[in-house]
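Asks: First, the structure itself, so that you have it in front of you.
Since every read-out is calculated from the coordinates, none of them should be taken as a lab result. These figures come from a predicted structure and were not determined experimentally. Positions of Cβ are backbone-derived with ideal geometry, glycine not excepted, and every protein chain shown enters the neighbour counts.
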Amino acid sequence: MVSRRSQSWRRNFDRLMKVLIGLSVVVAIVPLVLVVGDVIVQGWSAVNWNFLTQIAPSPCSAGDVSKFCTGGILNGIEGSFLMVGLAALVAVPVGIGAGIYFSEWPESRISFVSSFTNDVLAEFPTITIGVFIYEIVVVSTRTYSALAGAAALAIVMVPIVARTTEESLKLVPTTLREASMALGIPRWKTIFRVVISTGKAGLATGILLAIARAAGETAPLVVTALYSSYPPTLHSVVPGGPTASVPYIIYNFGTSGYPNWVTTAWGAALVLVTFMLVLNLAVKFFIGRKFAGVRAEI
């Protein structure tokens, strides 16, 4: 039998661990609350409809009330959507295809090497990717462009989509694959109609996470897309030309020293943080539906 002293010690130890775990949760949440709270306080006054529909203002000193000193981040929003969209067109199919191969043929040597390489690429400093694209695209075309920025973001997105796809498809029971192929259905049809259909929530999660990661990247865009005061056009892609993005506006305007640019940077930060939070909530929604479906099947 367990003595009373032993029982008391265990209860006290359990209470201590609960307190430490609670403190750890608080310590983990406090930085997020402080950052988001500061962005909301500093950027709330700048965000309005005109802020989202006008191009960036000219730099102005304190006290200057010229009409050119007010504006928004329309050029950055359109540039970010253009580059992230172009990157997704390449990264999503490539990443999903790689993830399917990693999941369905794990015994292959090519799969093992490629999966390891994919993990290494996921941890690469994004500025290194930006410099690589600078040498390949910007130097060869002799201009910064949305195409160069999209190429850098695509490389950032591919390993995220591939890894999430692999992990999602690994959760699909092997019995479903075996049952499908036992009925005479070819393996490729089994993968597309059974495996992917079952793990589609995980695939959507990976795509959203990759888009959120790419939308917040600044480093690769500094050396590939740079900045333009005007909204992007087709000429920003081919033959090319500097293209604005929301992260670059935050970086460039926030460190400029011009009061109106600093205010614009805080507003852009609020818009970007809101976008990231919405995407993360969407990810949680997909994951929640996935596990709800699993519980229903059980």
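Asks: At 30 Å minimum axial length over the Cα atoms and a Kyte-Doolittle cut of -1.0, report the qualifying DSSP H helices in the chain, or say none. Don't skip to the end; give the middle numbers.
Replies: Working: long enough: 4-43 (58 Å, 0.78); 74-104 (43 Å, 1.38); 146-170 (35 Å, 1.12); 259-297 (57 Å, 0.99).
TM-like helix candidates: 4-43, 74-104, 146-170, 259-297.
Asks: Moving to a separate point now. Between [x] 62, 45, 38; [y] 100, 54, 35; [z] 80, 62, 33, which entry matches Cα extents along the principal axes in Å as derived from the coordinates of this structure?
Replies: [z]
Asks: In nm, to one decimal, how far is the residue 25 label point from the residue 183 one, both placed 7 Å along Cα→Cβ?
Replies: Here the answer is 4.4 nm between the modelled labels.
Asks: Per the Kirkwood treatment, what hydrodynamic radius in Å, one decimal, follows for region 97-254 from the mean inverse distance over all distinct Cα pairs? Numbers along the way, then the final one.
Replies: On the way: mean 1/r = 0.0574 Å⁻¹.
It works out to 17.4 Å.
Asks: Taking 7 Å along the Cα-to-C-beta vector as the label spot, tell me the residue 122-residue 105 distance in nanometres, rounded to one decimal.
Replies: 2.1
Asks: May I ask you to list the aspartates and glutamates whose Cα is less than 15 Å away from that of residue 170, ignoring any residue fewer than eight positions away on the same chain?
Replies: Answer for residue 170, where 15 Å is the Cα cut-off: 104, 107, 178, listed by chain and number.
Asks: Cross-link candidates for residue 284: which lysines have Cα within less than 17 Å, leaving aside residues fewer than 8 places away along the same chain?
Replies: List returned: 200.
Asks: For 24, 228, what's the fewest-to-most ordering of other Cβ within 10 Å of each Cβ?
Replies: Lowest to highest Cβ neighbour count: 24, 228.
Asks: For a quick protection proxy, order the peptides 188-197, 152-161, 9-18, 270-279 by their average other-Cβ count within 10 Å, most packed first.
Replies: On the way: 188-197: 15.2, 152-161: 26.0, 9-18: 10.2, 270-279: 17.4.
The most tightly packed comes first, giving 152-161, 270-279, 188-197, 9-18.
Asks: Could you work out how far the C-alpha centroid of region 187-211 sits from that of region 239-256, in angstrom?
Replies: Taking the Cα centre of region 239-256 as reference, the centre of region 187-211 is 34 Å away.
Asks: Report the FRET efficiency, 1/(1 + (r/R0)^6), for residue 14 and residue 274, where r is their Cβ-Cβ distance and R0 is 30 Å, rounded to 0.05. Provide the component values of the computation, followed by the final result.
Replies: Numbers: r = 40 Å, r/R0 = 1.34.
Here the calculated transfer efficiency is 0.15.
Asks: At 7 Å along the Cα-to-beta-carbon direction for both residue 34 and residue 230, put a label point, then send me their distance in nm to one decimal.
Replies: In this crude label model, residue 34 to residue 230 measures out at 4.4 nm.
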